[in-house]
Every structure is written in C-alpha cells, then in structure tokens.
Amino acid sequence: MKSFLPALTGLRFVAAFSVIISHSLLWVFRSDDHGPIFSFFSSLSALGMTLFFVLSGFVIHHNYSDIVGTKSGLRKFFVARFARLYPLYFLALATELVIRRPPVDDLIALPFYLTLTQTWLYLPILGKPLASQFGSMTSVSWSISTEVFFYLSFPALCLVLPRRLVPSIISFCALALAAVIIAGLYRAQLETFGLDTWGDLGGVWLTGFYRWLLYFSPYSRILEFILGVLVSALVQRTPKPITKMQALYLSVVAIAGTIALQWEMFEVHGSPWPLLVLHLNFGFAPFVAIMIFVCAKNQNALTRLLSVRPIVLLGEASYSMYLTHPIIVGVVQPHLKKHGAAELIQMLGCLAAIAGVSLLSWRLIEMPARRIIRRMLDDPYNASSRDRGLNHVSNSRGRVAHLPTERPVPAAQDRP
C-alpha cells in the first residue's frame, strides 16, 4: 500500500459532512421561511457527492494502480472493495427493511440492492424509481451502487491513461463540462423521452429519467471518478512537491471557486443557466481536483487542518456517517418540534448523535467485518501477517526476521 495521506481522509469527512449537513437541515428545519444562507448550506450535498467521487478515483488509483495488472492483484483489489463496502451496507439495508417494513410487492427490487446495481438502469417499480425504492437509506445508498460500477471500470481505465497528463486533464475537464451542458440543452427532449417511455414518473424532475441520467447514473458520474484517477496519475509522475506559494494560489482558486459556484447555483433568487445543470454533475469537479492535488503535494495550513486527529478520525468513520445518518435522523424526526431556536439545538443534537453512532459503527462493525472478510477471501498467509503487523523476511543467515510493516492506507480512506 502507498503512503498514508491524512489530509485526504480529512477531505472525506468534509464530503460526508457536506451531505449530512444538507440532509439534516432539510429534515430538521421544517420552517417555511428560509433565506439564502439556509439555501447555501442545505444544498451542499451536490458538492459533497462530487468530492466523494473525485476523491474516490484519486485514492483508488493511488493505492491500487500498481497491482490491478496482475491476476492476484486484481483479486486483492476486489476483495478489498467488497470488504470495505458490503458489510455495513448490508446491515443498513436490513435495518431499513425492518424499520420500514415495505410491502411485499416492493421486494421485487431487492435483488438489485443486494447486488448493488440499483442505479445501473432507470427502472420504475410500483410508482417509485428503482434507486429510491425502500426509504431514507436509499436516498444515499445510490452512490455506493454507482461506486461499484467505477470499481469494475477501474482496471480498464489504468490501461488507457495518457502520457501527457496536464493537457489531458484540462481537455478532459472541458469536454466533460461541455457534455453535461449539452445534456442540459436537451433536457426537454430527455424528459419527454422519460414521459413517453415510463409515464408520468419518468417525466417529472425528482423521479424522472433526466435527473437519473445526470445525477444518479454511473455512466455520467464516472466522469468525476476519471478526473480523480488522472490527478492521482499526475501526482505519481511529478514526485517533487509544489512550493508553498503555488499551494496557496491553488488553494485560493479552489476554495473561492467552490464557494462562488455554490452560491450562484443555490442562492434563493435562482441561478443562471448553465449553472442549473452543472450542480447535477461535474460543476465542482475541477475545483475539487485542484484541492486534492494540493493536499497530496504540499504540507500547508490547509493540509495541517485537515490532518488534525479529530477530523481524520471522523474521516475514518465517514462511510458509517454517510450511510447511517438517514436512519438516525429518521428515528428522531417524529419527535422533533418546530420552534425557532429549538430547531438549532435539535440540529446540533442530531449531528452529535450521528458522529457518535458512526464512530461506534466504524470501530465495532466496519473494522472487524473488514478484517474477517479479508482473512476469509484474501491470501491467508498475507492476511495473518497483516493482522499481526509483521512482515516475515529472511536475513542473510537464513533466519526469519520480524519487521514492522509500513503503515497501510486505512481502508476507510477509500470512499465510497
């Protein structure tokens, strides 16, 4: 495994927190009169998802690009991904089904959820799109299905990486933005296609074909994953760190650009076209890519902040945080009261509960399940060596020496 980059784990917390703060504001603050600040923060989930996908491409390439070219390496990659995602996902899905008790007819969608393919096609079932079939957990689990498609595509992506990365990244960003904007130009036609093919459900905004194609579908969101892969390859091929001044300029561009784009997209007076379509896909991706590059290539005030132990710890638990927060808020929501200042206290209480449950879930469920699955499916000798924290090497006299292993990249850093 490659060197540990704690700032990237910190960025994973930022991504998860962006989604959680967005959802929690919408679910907890049920007052009707909201201003532009509320709109700004309650719509951060679009930024969070782009950050997740670009960061996923970077980390997956950073950790696994050297091994997926071999049969054993490919096996290790898929075992690691399965052990990372599936145990907690399966538990969350089972919990959702027990709490919600969906009608028996809805269970026709269950095979797609068990195989994590629910976003791979647009398929309305009993008046609901496949990607949101069972309840609040499915409002976020769609991204895990989309990630699985990325993982299956990753080995092939490693075979076609360009040699000249900087012009390739610039060209790729321009083409991806153009593709998303062109899809926005044809929104009416795509919505008409959805209406004609699947009826009213396929033609409306929230549940329709157009939004699935640009926001949920892995076939369009893979653009963000590919950008992360390209940035990781650039970091590998430029071993020298960037200067502090370069890091400062790039950080200012990335942060200022992200804030400006978020404000223009979601402030209450509406946003100009084409920003309306770029919030669905790839709009934030270039700024996110710059920020990831800075975190990987320079130690500065920003990377030190993201590397603070509490933030890294929450980044480690971000998968639990991301996947369980709809269930936690769903349990407490019926007991919430609609009273001005009380809503803020309730909001802080929900965030504290989400953080606490997530840390427990990461420590007691995620980590043990990951070790067990890797021990069962990976090479037993290597698995046992990792668990003991030892490498076995022969010294010049033929004796076995026990050396501390290089610190591995925590699997929690591998997003989803």
Can you say whether F150 is in contact (Cβ under 8 Å) with a residue 40 or more places away in the chain and in contact with a Phe, Trp or Tyr (Cβ under 8 Å, 6 or more places away or on another chain), as far as the supplied structure shows?
yes
Apart from one, (1) open to solvent by less than 10 Å² (accessible area, probe 1.4 Å); (2) modelled with pLDDT under 90; (3) under 20 Å from A46 (Cβ atoms); (4) of a type outside the set (D, E, K, R) all hold for A285; the odd one out is (2)
Among the helices (runs of 4 or more DSSP H) lying completely within region 177-269, list those that include at least 2 residues that are more than 14 Å from I290 (Cα to Cα) and open to solvent by 70 Å² or more (accessible area, probe 1.4 Å).
187-198, 218-237, 244-266
Tell me which helices (runs of 4 or more DSSP H) are completely within region 11-113 and hold 2 or more residues being among the hydroxyl-bearing types (S, T, Y) and open to solvent by less than 10 Å² (accessible area, probe 1.4 Å), or say none if there are none.
45-64
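The values are calculated or read from the model by the stated rules, or taken from the named source; none is laboratory data. Since we're looking at a predicted model, the values are computed, not measured. Every residue, glycine among them, receives a Cβ derived from its backbone with ideal geometry; neighbour counts consider all protein chains shown. SASA here: full protein model, heavy atoms, side chains in, ligands and nucleic acids out. Shrake-Rupley method; radii C 1.70, N 1.55, O 1.52, S 1.80 Å.
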